[in-house]
Amino acid sequence: MSDSATPKPVRPLEAIERRVLGTLIEKGKTTPDQYPLSLNALVTGCNQKSNRDPAMTLDEEQVTRALASLRQTGAVAEVYGSGKIPRYRHLAYEWLGVEKEELAILGEMLLRGEQTEGDLRGRASRMDPIPDLDVLRMHLDRLAARGLVIWLSPPGRGRMLTHGLLPPEKLDKVRAGLGISGASVAAAPPEALPKTLPAEPPAPPAPSPASGGLEDRVAALERTVADLRERIAALEPTCGPVTP
């Protein structure tokens, strides 16, 4: 007997649910010969010291309760193989509607929480290769557009992010711990934000018939160039450097 794989609405997850789902995602990718997991193997995986933050000491009852709620949500299934012992596998591909690299990214954040882009790329690559930050950001843009990734700090070196499966009060605590307010950070990286172009610059005034000389035309062009530079400088904080 197995649970239905019909996708159900995505909801925030509690701490033990996040650890259980993250562990199932990780083990499905890194030790496929031992997957799906028995309850005992899942408890061991949840409590392991490596690749986990924070460390947890969960018992079978706690993990069983988390499995029950995840099964009801549609994120986990109970299955039976050749033996009589039930095993568990995630349905995260269907539940979240993501591809394999995106699931590796989310799985890593479920296991460790908030982290920088650079750390995330290295850690998620142990599940599925992510060759560089440009490829990572492409996946993050898609996840952020669906609310599955939350940016915690402004663009720049060491930018922090987390997954979008945190309850609102937990997300507020994470932001407070980093000294960040939700209103101060964009919900998506700058690459995913619409880039507004400067308004059409005013046409240079036509030289008067009285002057009509080269000096007047040069002065008008210089004023136009200065105006364009001011507009471009105003855009750089959100759209990045623009070459006129």
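The values are calculated or read from the model by the stated rules, or taken from the named source; none is laboratory data. Only a predicted model underlies this, so the values are computations on that prediction, with no experimental measurement involved. Note: ideal-geometry Cβ built from the backbone for every residue, glycine included; neighbour counts use all protein chains shown.
Computed values, structure above
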| read-out | value |
| --- | --- |
| Criterion (touching a residue at least 60 places away in the same chain (Cβ under 8 Å), in a loop (DSSP other than H, G, I, E, B), surrounded by fewer than 20 Cβ atoms within 10 Å (Cβ to Cβ) and out of contact with any Lys or Arg (no Cβ under 8 Å at 6 or more places or on another chain)) met by exactly one of 126, 71, 52, 89 | 126 |
| Filtered residues of segment 160-187 (kept if surrounded by fewer than 17 Cβ atoms within 10 Å (Cβ to Cβ), part of a loop (DSSP other than H, G, I, E, B) and either modelled with pLDDT of 90 or more or within 16 Å of the chain's Cα centre (by Cα) (or both)) | 167, 186, 187 |
| Scope segment 74-86; condition in a strand (DSSP E or B) and farther than 30 Å from residue 136 by Cβ; matching residues | 78, 79 |
| Subset of segment 28-43 (residues that are over 15 Å from residue 18 (Cα atoms), assigned to a helix (DSSP H, G or I) and out of contact with any Ser or Thr (no Cβ under 8 Å at 6 or more places or on another chain)) | 28, 29, 30, 32, 33, 34, 40, 41 |
| Residue within segment 76-84 that is of a type in the set (Lys, Arg), in contact (Cβ under 8 Å) with a residue 24 or more places away in the chain and surrounded by fewer than 18 Cβ atoms within 10 Å (Cβ to Cβ) present | no |
| Inter-residue pairs, beta-carbon under 9 Å, first surrounded by fewer than 24 Cβ atoms within 10 Å (Cβ to Cβ) and in segment 20-32, second of a type in the set (Lys, Arg) and part of a helix (DSSP H, G or I), 6+ apart | 29/100 |
| Residue match in segment 127-147 (condition: modelled with pLDDT of 95 or more, closer than 19 Å to residue 50 by Cβ and not hydroxyl-bearing (Ser, Thr, Tyr)) | yes |
